[in-house]
Amino acid sequence: MKLHYLYLFGSIISKSLLDKVIKSLEKQGIWMALIPCKIILDTKQIDSAATLAIRDFVQNMQKARKINIQFLLRFLGERQIMEAFHKLSEINDNDYCFVVFYDPTLSKNEVVKILEEYCAKQNCINNLSDNYNCRPDIDTIMRIYDINHSEIEAVSRNNTPMREKFIKIILERIALSFLR
């Protein structure tokens, strides 16, 4: 299974309508995962989880049947689908990252156009853009990724910025999610 991915940022107007759009898009070879911006410290998280999820499918080592669910497992550092959905349900955020996996027979521009048309017709997403505009919440990130202060100290070197410490820990969680 060879897939490409892209990510866009925006606000959800109607979650129920968006769920219908997601199901419709899957029939066209487009799968979408929703990540609250509060837990995105850096787009490296998205790139790492997407790359590993695609690799999981290529190597037939996936835990989920759909690539967007496999991505969520990787992104959240989880092994259980229900636990991943539970974590996401605990986060209250209006801004999201829409991670979109698509068949390589489609171009990125075609996928973006399809998304914009579907979302405009259904009025389910607002301000769709490829500009990273997330405002991460450190307390939420620490809770979702189960990061404690001793881990932060363990990855400290010299005057490493706090953001870099968190990114290092999160990328480790993403990479090792199925080994824990």
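The values are calculated or read from the model by the stated rules, or taken from the named source; none is laboratory data. What you are looking at is a predicted structure, and each value in this text was computed from that prediction instead of being measured. All Cβ positions, even for glycine, are placed from backbone atoms using ideal geometry, and neighbour counts span all protein chains on display.
In the stretch 158-179, of all residues being under 20 Å from the mean Cα position of the chain (by Cα) and not in a helix (DSSP H, G or I), the one that is surrounded by the fewest Cβ atoms within 10 Å (Cβ to Cβ) corresponds to Leu179. Restricting the stretch 55-106 to residues that are in contact with a Ser or Thr (Cβ under 9 Å, 6 or more places away or on another chain) and aliphatic (A, V, I, L, M), the residue that is farthest from Pro36 (Cα to Cα) is Leu73.
Where helices (runs of 4 or more DSSP H) fall wholly inside the stretch 10-91, the ranges with 2 or more residues that are at pLDDT 95 or above, within 22 Å of Leu176 (Cβ to Cβ) and among the hydroxyl-bearing types (Ser, Thr, Tyr) are 43-58. Can you find a residue that is among the small types (Gly, Ala, Ser) and either part of a strand (DSSP E or B) or modelled with pLDDT under 90 (or both) anywhere in the stretch 116-134? The answer is yes, given that some residue of the stretch 116-134 is among the small types (Gly, Ala, Ser) and either part of a strand (DSSP E or B) or modelled with pLDDT under 90 (or both).
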